[in-house]
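Worksheet: the structure to be examined is printed underneath.
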Amino acid sequence: MANQLLSTVSYRDSLPEGYARPEHDRPRLADVRTDTNIPLIDLASPDRHRVIAEIDQACRTYGFFQVINHGISEELLEKVMAVGLEFFRLPPEEKAKLYSDEPSKKIRLSTSFNVRKETVHNWRDYLRLHCHPLEEFVPDWPSNPETFKEIISVYCREVRLLGLRLLGAISLGLGLEEVYVEKVLGEQEQHMAVNYYPRCPEPDLTYGLPKHTDPNALTILLMDPHVSGLQVLRDGAKWIAVDPRPNALVINLGDQLQALSNGAYKSVWHRAVVNEAHERLSVASFLCPCNSAVIGPAPKLVGDGEDPVYRSYTYDEYYKRFWSRNLDQEHCLELFRSQH
């Protein structure tokens, strides 16, 4: 029901029922560290071989990186953030028109992650949009705010071009043909989540999103420029905060690139935490294989006489398995390891 949306009600003193995590599953915000070595890659560098090498190293060690001079203008990034915030500030009756808790619905406003299935909720509202091909989906996008469709359409086109460019660099970093990954993934779908994290009275007790990996191929995240909230797991043990950098985008590797690389690249565990003093907005764009794409380690990356780390599967099979589980269960790719 639309009255579950956090963006329609203000909670000042304590969490409502159903949001507090058990003691063992809380963010322990005091233990989170910053990391000054998070890879920051300048895509405008004239030394393309160096850029590819930097992306390759980031994919092997961190599973994510930030990019600057990526070709998307500062003005457009600001417009996307502004219109996203404007959407979540619409009157409740306007937002109720788009509300759904059906995970398969391609355009929907919802809350938490999967309210039909989860036992503890997350401190997040989100607008989920399918974005490719644009002409198929834009007519059903929100028409209020009135600039929403135009601004988000332009951003989606530019993000897609950036994503395909990055997939080419990732292919080359793996020692494959530049078009290899893009070919395997097929005519990629593109989704977007505009995430809204309201101010939270007890941020130590809950998450915006608990730890998870992304089931897709590549995620391009536009962060709130003023409020930190993204955290990633390093070395399987410590959480580090990813602080916003002016005009930078965060690039997360998804599960499919870990599989295609035969485990050489890491699909990063990450989570979103919330804030007592400030609301926060982020815009995640997901490049996803087409459902019929057959994903498996690139043959060139499997040593002679060795078994691949993962078996081949269709993305449709993977995605259904991912959504049938809780978000923070073991890595979904573990279910697709080769049985040898």
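If you roll a 1.4 Å probe over the chain with all protein chains in place, what percent of the accessible area is carbon or sulfur? Could the numbers behind the result be given before it?
On the way: 7350 of 15290 Å².
Exposed carbon and sulfur together represent 48 percent of the surface.
Using Cα-Cα distances under 8 Å and only pairs 6 or more residues apart, what relative contact order does the chain have, in percent? Kindly include the intermediate steps, with their values, before the conclusion.
On the way: 676 pairs, mean separation 71.9, N = 340.
Relative contact order, the chain: 21 percent.
Accessible area per residue was computed with a 1.4 Å probe on protein heavy atoms; K183 scores about 150 Å². Each label was represented as a point 7 Å from its Cα along the Cα-to-Cβ direction; for D243 and Q57 these points are 2.2 nm apart. Residues in segment 166-172 carry Karplus couplings, in order, of 5, 4, x, 5, 5, 4, 5 Hz; the curve used is 6.51 cos²θ - 1.76 cosθ + 1.60 with θ = phi - 60°, and Gly or Pro positions show x. In this structure segment 193-304 gives 31 Å² per residue of accessible area when probed at 1.4 Å with all protein chains present.
Report the per residue volume, in Å³, of the convex hull enclosing the C-alpha atoms of segment 248-300.
On the way: hull volume 6.2 nm³, N = 53.
Taking only Cα atoms, segment 248-300 has a hull volume of 116 Å³ per residue.
If R0 is 22 Å, what FRET efficiency do you get for S100 and E187 from their C-beta distance, rounded to 0.05? It would help to have the intermediate numbers written out before the result.
Values: r = 26 Å, r/R0 = 1.17.
That gives a FRET efficiency of 0.30.
T61 exposes around 60 Å² of accessible area when a 1.4 Å probe is run over every protein chain in place.
What FRET efficiency, computed as 1/(1 + (r/R0)^6) with R0 = 51 Å and r the Cβ-Cβ distance, is obtained for E23 and S45, rounded to the nearest 0.05? Let's see the in-between values first.
Numbers: r = 47 Å, r/R0 = 0.92.
Plugging the Cβ-Cβ distance into 1/(1 + (r/R0)^6) gives 0.60.
Taking only protein heavy atoms into account and a 1.4 Å probe, give the accessible area per residue of segment 16-59 in Å².
On the way: 2840 Å² over 44 residues.
Per-residue value: 64 Å².
If you stretched the chain out fully between R325 and L76, how much longer would it get, using 0.36 nm times the residue separation minus the C-alpha to C-alpha distance? Let's see the in-between values first.
Values: separation 249, 0.36 × 249 = 89.64 nm, distance 3.60 nm.
Contour length minus Cα-Cα distance gives 86.0 nm.
As an equivalent ellipsoid, segment 134-211 spans semi-axes of 31, 23, 10 angstrom, where each value is the square root of five times an eigenvalue of the C-alpha gyration tensor, largest first.
When the Cα atoms of the chain are aligned to their principal axes, the ranges along those axes come out at 60, 44, 39 Å in descending order. Across every direction, the projection of the convex hull enclosing the Cα atoms of segment 29-97 has a mean area of 8.2 nm².
Residues considered: H24, H130, H70. Largest GNM mean-square fluctuation over the chain, using C-alpha springs under 10 Å, is found at H24.
The values are calculated or read from the model by the stated rules, or taken from the named source; none is laboratory data. Here the structure is a predicted model, which is why all the values come from computation and not from measurement. Cβ coordinates were reconstructed from backbone atoms using ideal geometry, including for glycine residues, and neighbour counts include every protein chain displayed. Areas reflect the complete protein model, heavy atoms only, side chains present, ligands, DNA and RNA absent. Shrake-Rupley method; radii C 1.70, N 1.55, O 1.52, S 1.80 Å.
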